[in-house]
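The values are calculated or read from the model by the stated rules, or taken from the named source; none is laboratory data. These numbers come from a predicted model, not from an experiment. Don't worry about glycine lacking a Cβ; one is built from the backbone with ideal geometry, like all the others, and counts go over all protein chains shown.
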Amino acid sequence: MQRSMKYGVLMMLVLALCCTPSLFAQGSQDTADEYEIVTVVKITGIPWFNRLEEGVMQAEKELGINAYQIGPADADPAQQVKMVEDLISKGVDAICITPNDATALEPVFKKARDNGILILTHESPDQSGKDVDIELIDNVAFAKRTWDMLVEGMGTSGQYAVFVGGLTVPLHNVWVDEGLKYAQETYPDLDLVTSRIPCGEDQELSKQKTLELLKTYPDLKGIVGFGSLGPPGAAQALKEKGKAGAVTVVGTVIPGHAAPYLKDGSMTKGILWDPKDAGYSLSWVAKYMLDGGDFTTLTSIPGVGEVSVVGDVIKVNAMMDITKENADSFGF
Amino acid sequence: MRKLFQRHETYVLVIILLFSVIITSVNHNFLTLENALDLLKSYSFTGIMAIGVLFVLISGGIDISFAAVATIAEYVTVLIVLRIGGSMITAFAFAVLIGAALGAVNGLLIYRFKIPPIITTIATMNVYYGLLIVITRGKWIYALPDCFRSFAEIRVGSFGVQDGSAFGVSVVTIIWFLLLIAAAVLLRYTRLGRSIYAVGGDKISAERVGFRVGRVQVFVYAFMGTMAAIAGIVQALLVQTVAPNSIVGKELDVIAAVVLGGASLAGGVGTVFGTFLGVMLLAIVQNGMTLMKVSAVWYDVFVGLVVILSVGFSSYKQKKQQSSSKIDIRESAPSAGVSADTLQES
Amino acid sequence: MKSKRGSMDTLFLSMRHINKQYTGVKALDDVEFSIREGEIHCLAGTNGSGKSTLVKIISGVEQPEAGAQIEIAGEPAGQLNSMDSIRHGIEVIYQDLSLFPNLSVQENIAMSELVSSKTQWVSWKKAHTIAVEAMDKIGVSIPLDQTVSRLSMADRQLVAICRALTKDVRLLIMDEPTTALTKKEVDALLSVVVDLKKKGIATLFISHKLNEVMQVAERVTVLRDGVKIGCYPSSELDDKKIEYYMTGTTTVYTPYHVMPDTSGAPVLELDGLSKEGNFKDISMSVYPGEIVGITGLLGSGRTELALSIFGLNPPDEGTMRIDGEPVVIDTVKQAVSHGIAYVPENRLVEGLVLDQSVGKNVVMTVLDRMLTASKCIDVQQVDRSIARWVRELKIKVPSVDSAVKTLSGGNQQRVVLAKWIATEPKLFILDNPTVGIDIAAKTSIHEVIKHLAAEGVGVIIISDEIAEVLYTCNRVLVMNRGRILKQFISSEANEEEIQRYIESHAV
């Protein structure tokens, strides 16, 4: 009995520790005369958001604000809600957030705005409860560009397959939907051999799936991969089977990761935007608005580029091709 | 023959053959040496971790932290080799050292504080993985040491040329098979191996017979850590990239494969051969899905069904055998009918 | 080795001033104990008398308090730990047998040898030899590659003995070895022990079942409440005396004589009930208020018959009538709805949820009758019902919230009884209701059963112990190879005659 009590106490302790990530979250000292602008990302510890954080850091240095980034250890909406609540009680000036779940966050957004805190979202244009959303790409244009890339490699007819990170990842599936629609209209001779395969976030799995596809569809001419590990996995499989270059591989990739595959020809081209720009833009717009600026009249963000404003969404066209020539120049 | 049908392995083998026939009938590319070797290569990573999980399950425990251990061993080893140089041998040595140490921590916690293994390893998984993220900030390593690149390309034998590329038995497959053999010998022919079965069968009895249960437990978890570490290096060899989050999340797949192979979560039961078959069954089902042109949305459904069917079928069989053996005892009176009749008539 | 062993009169083990206290409770109070070389000795006492504690001290699992003197083979042995004991040739076979259910017979037998061998490598050939030799020593043969979990209790016992014999054993301690065995199996076991004596190996039985132990033991040491009552040559003891020493009182078996009311229909009537491979052509009846005993060897079909009546083993042919109405019972649910209750033999695994409280176990079977209008459990009614059964069955518990596993065997059995009596059955089937519990508890359980019958319930008791059915039941049926061989009116029968029918043409 006593023993189990002891475990009970221990377990509670462990649970308590697990439940207070904010205990260990690094925060900067609160200085009264600086704006405190916090960026909450989907998940910490992956290269994508590490790169985004670089933009946040750049903004802190250049704009004289107190800006930093936090995020849950896994892509958990509930943890994001809790983090936002913590930030409200802390009394920050603005929260820039990449939501894991649009609806789950609505109530806390309202609470934050009631407390006079600005809410800026990213990758969530239809989010309600926000002040403004910033999109680095136009999803439709992004999808079209990807399919154009595919056609540049394989020509306007032939068999191809599509990888996504997961069947429930919104962005990837939006791109695929848009891409397929575009392909039907513009390239009717393209033949999608099987429905989208959820392997794009796992390089080993992508490689295995590519091997299987090659065996099942010997005439396969192209692979579109969303999720940054799909194209490298596919490229690896092609290299192993001596088919590098024979099958066109395009999709979203981290430039540093894709560089070797682009250079040896097993990957054709990558497409992406720089998350650093997103991190910088969010903090920049937040400061601009805190200073009393009106985002509807905004025409450009210094260092990022021209913007267009549609309703409460600021669109920056930051889409870029990643090729063997430029892959090493991004710094991430 | 009858004995053969009492073994779980037989059923897994039958199911594997059944699937192979079905898949081949849809796609002839399934039953080729090339596909077999590709599978053996891709699944060597899962297979090596499965060996460790098998040991833990036999001993009556469970480990959830092995994917985190594998990641740490992989990441730290690659960092070390990048910094100070060295060969694959040093890489494996470092990895094994790290894996065994982290595993031993699990074993010690479980033995010393008598915390249920599932809680202990969930906790250490968080700690291990969390520390890795804190220290690395989630940075990926794209440029592996040269030795990783050249070692991964080693293969034995050359079985014909297809589309300009020869294929053979990959070095990682060989590592996996060597470990399988070593594990089988260890389990079957050493006192240590038998003590794992004894502890898994009945901990109190094992203590009474004179086994040091604590040592066995620490060994088992350290061994699990070692296998995880080797698997981690194999994963690096396979994908030529090291990402702090690429292995975490595969725990349940591995445990499912081991259970498919006949190990029991209750402990005391399981074989290396069975585990191998379990991994292959999982591999074939996942592989076969694309080859049979099944839409990807159905993948998880099929994998789940196969697990339920094969585990369920075998335990149903066993249950039936048990109850029928009960009646065997009752019926052990030979020619029961005859003698009773005579007695009644007299 | 042989020369070192003295004559039969020299003491192998001698212990004096053994004291042991567990959190305030005195388990052993200045106990003195000795056993000669090659002696067959019995340590008798009820549950909680301290006999298990004494065994733990001999085997080195527990250490006595300061002042204890222990001598082994004439040499002071000081404090023993388990390794010391094993080195001195003391082997304990616990009641749970300490076998590995997942491993083969061969490996179980060779396990001790495996542990103490110098090499890390396992030689299966050697293990085979060891197992065969050990089995030869006691003249048994069990399939070596069989998994132990598939063996009968008797065979498991033999495996445990074989394992003990693989070492140079001088004293074999067996804790309650006969509880799970039938008469024939007990005889086989005892002949093994006599064999061991010829080899100079002493045996210490721990038991509260009297008869079979008396047959072979030379001396009997009796403990009661941690105090040694005495050590008696078994020739001076009879059942009555040893029972008196153990409990401090004498129980008087009051035979159960009733003339049941046969005017109405019997509660249960079987006509030509058969099940392939289990039993054949069973015809019997149980009237309200009757206690009918069924005895026979393990494998005579008695348990299978009980299971058939309870819907767990549907028969192939024959008819079953409840209160004169023909019924078909294929499931437990049907059996329960016809008012049949069944208390299985292995109370520990089948009858109770050991980690749950006494109260929850008692009302387990009747919860669905204690619902409020809104289909929620009526807590007050549940509490009342628990209190009632705990009181009526005299279950000794500190609180009804205590886990069942903390209770003694007798009290556990009473909880099982309470659980089924709470369903207010018409027919109550008890399979070996008093296995492994001491005399005092046994008597009180028999009282409960008689009390129940007096209220008009029909009772069937299945037991290996002839005395139990003879003195508790008004009729005794002997089953032999699936048939009812003979029916006795218990007031007109005696144990010897029943025994003869049980064993006639025995295998």
Determine the pairs where a residue that is among the hydrophobic types (A, V, I, L, M, F, W, C), located within the range C:191-202, has a partner that is at pLDDT below 85 with Cβ atoms under 8 Å apart, the partner being 6 or more residues away or on another chain.
-> C:192/C:138; C:192/C:139; C:192/C:140; C:193/C:216; C:194/C:216; C:196/C:138
What number of residues within the range C:88-106 satisfy the criterion of being out of contact with any strand residue (DSSP E or B) (no Cβ under 8 Å at 6 or more places or on another chain) and either at the interface with chain B (Cβ under 10 Å from one of its Cβ atoms) or in contact (Cβ under 8 Å) with a residue 60 or more places away in the chain (or both)?
-> 5
Could you please give the count of residues in the range A:205-226 that are facing another protein chain (nearest Cβ under 8 Å) and among the acidic types (Asp, Glu)?
-> 1
For helices (runs of 4 or more DSSP H) lying entirely in the range B:1-63, having 2 or more residues that are within 14 Å of another protein chain (Cβ to nearest Cβ) and farther than 17 Å from residue B:183 by Cβ picks out B:8-26, B:33-42
Which listed residue, of C:123, C:141, is free of Cβ contacts under 8 Å to residues at least 24 places away in the same chain and more than 10 Å from chain B (Cβ to nearest Cβ) | C:141
Test residue B:201 against the stated conditions and say whether it is buried (at least 24 other Cβ atoms within 10 Å of the Cβ), closer than 21 Å to residue B:311 by Cβ and within 8 Å of another protein chain (Cβ to nearest Cβ).
-> yes
Some residue of the range B:270-277 being small (Gly, Ala, Ser) and over 14 Å from the mean Cα position of the chain (by Cα) | no
Only listed residue being of a type in the set (Phe, Trp, Tyr) and within 13 Å of chain A (Cβ to nearest Cβ), chosen from B:189, B:128, B:111 = B:128
For the range A:147-204, what are the residues that are in a helix (DSSP H, G or I), surrounded by 24 or more Cβ atoms within 10 Å (Cβ to Cβ) and at the interface with another protein chain (Cβ under 9 Å from one of its Cβ atoms)?
-> A:203
Hey, which of the helices (runs of 4 or more DSSP H) in the range C:90-176, taking only ones fully inside, have at least 3 residues that are exposed (fewer than 15 other Cβ atoms within 10 Å of the Cβ)?
-> C:124-137
Could you please let me know if residue B:60 is of a type in the set (Gly, Ala, Ser) and at positive phi?
-> yes
Which condition number in (1) at positive phi; (2) surrounded by fewer than 24 Cβ atoms within 10 Å (Cβ to Cβ) is the one that residue A:251 fails?
-> (2)
Check every one of the strands (runs of 3 or more DSSP E) wholly within the range A:213-286 and list those with 2 or more residues that are of a type in the set (Gly, Ala, Ser), farther than 30 Å from residue A:66 by Cα and in contact (Cβ under 8 Å) with a residue 12 or more places away in the chain.
-> A:220-225
Members of the range B:8-58 that are of a type in the set (S, T, N, Q) and under 18 Å from residue B:287 (Cα atoms) = B:20, B:24, B:25, B:27, B:29, B:32, B:35, B:42, B:44, B:46
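Here's the yes/no breakdown for (1) modelled with pLDDT under 95; (2) within 14 Å of chain A (Cβ to nearest Cβ); (3) in contact with a strand residue (DSSP E or B) (Cβ under 7 Å, 6 or more places away or on another chain):
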residue	(1), (2), (3)
B:151	yes, no, no
B:159	yes, yes, no
B:168	yes, yes, yes
B:183	no, no, no
B:230	no, no, no
B:249	yes, yes, no
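Yes/no per residue for (1) within 14 Å of chain B (Cβ to nearest Cβ); (2) more than 27 Å from the chain's Cα centre (by Cα):
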| residue | (1), (2) |
| --- | --- |
| C:34 | no, no |
| C:37 | no, yes |
| C:51 | no, no |
| C:62 | yes, no |
| C:69 | no, yes |
| C:84 | yes, yes |
| C:108 | yes, no |
| C:113 | yes, yes |
| C:132 | no, yes |
